[in-house]
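Values quoted throughout were computed directly from the atomic coordinates according to the rules given, and no laboratory measurement underlies them. Model, not experiment: these values are computed from the prediction. Here Cβ is always computed from backbone atoms with ideal geometry, including for glycine, and neighbour counts include all displayed protein chains.
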Amino acid sequence: MINRATLFWSGLALASAVGLFLVKYEVQEKADALSALRGEIAETKEAIKILEAEWAYRNRPERLTTLVEKHLDLAPVTAPQMDEIETIPVKLTVPAAEEAGE
């Protein structure tokens, strides 16, 4: 007959083997997920670099100047268009608490 201690230690060894097997595959899944995330991060960084380059290209001063001249009817401000600061009406604001009747 099998000794109780032998049976206990055999069961413990079997449980440890199953546990290690499960942990091994769980770690492998986590490593695969980490690898996929690192790939996504690299792709996102590359996309950001491309977008920054496009932003710099589209915001060149000479390009913007051309677009402004083409699409906007702007002219320098002349002296008759200016007025004294005192002629601007002052709008008094009422605090929210007073408007609510408090």
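When the Cα positions of Val23, Trp9, Pro80 are compared along the charge dipole of the chain, Trp9 comes out farthest toward the positive end, with charges on each C-beta of Lys, Arg, Asp and Glu.
Calculated mean residue ellipticity, 222 nm, the chain: -24000 deg cm²/dmol, from DSSP H runs (n ≥ 4) at -39500 (n - 2.57) each, averaged per residue and rounded to 500. Of (1) 20, 17, 13; (2) 75, 32, 7; (3) 36, 17, 10, which is the value of semi-axes √(5λ) of the Cα gyration tensor in Å derived from the coordinates here? Derived directly from the coordinates: (2). Taking 28 Å as the straight-line reach from the Cα of Lys30, the lysines in range (excluding those fewer than 8 positions away in the same chain) are Lys45. Under the convention that each Lys and Arg Cβ holds +1 and each Asp and Glu Cβ holds -1, the size of the dipole of the chain around its Cα centre is about 1180 debye.
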